[in-house]
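Undergrad: First the structure, then my questions, so here it is.
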Amino acid sequence: MSAAALDLIEMFDGEGAFVFVDRQPGSLPVFHVQTSADLRSSGVQAAGQSNHGVILALEELRRYPGQLRQTVQRIANDLTLTAAFADTVDMAEYLASEARKIPYTPYISGAGVMMDHLAGNTV
């Protein structure tokens, strides 16, 4: 798990959940929801992991359908994204459910390229 994900767990005091995106070459992405409390209690460390690829999707996003749709699209198809953090488990489950419905059209976002560049990684 990335240090960014661990920071989110700490910032939200173990509340919320992550949608982890498993992207294997030649297959559709798989979305896993895991609560922050479970991750915190498992003692997962950040060693050796990158600090990019995690986005924040708060429950408030439901009030903005266009931005919510873009967020779901990004979770489903942005190759630079590895996880999304939601401040509620319900929101994380909703994001994963909606991402599974999106046609798979993979891309690399400009934000992902910029974060890779800043981190010294390559996409």
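Undergrad: Using mean Cβ contacts within 10 Å as the protection proxy, how do 58-64, 100-106, 19-25 order, highest first?
TA: So the order, starting with the most tightly packed, is 19-25, 58-64, 100-106.
Undergrad: Next question, about the same structure. Rounded to whole Hz and in sequence order, give me ³J(HN,Hα) for the stretch 54-60 from the Karplus expression 6.51 cos²θ - 1.76 cosθ + 1.60, θ = phi - 60°, writing x for Gly and Pro.
TA: Using θ = phi - 60°, the values come out as 10, 10, 9, 10, 7, 3, 4 Hz.
Undergrad: Label residue 67 and residue 109 with points 7 Å out from Cα along Cα→Cβ: what is the distance between them in nm?
TA: According to this spin-label approximation, the distance is 1.3 nm.
Rule-based calculations on the coordinates, nothing more; no lab input. All values derive from a computational prediction rather than experimental measurement. With ideal geometry, Cβ positions are generated from the backbone for all residues, glycine too; neighbour counts draw on all protein chains shown.
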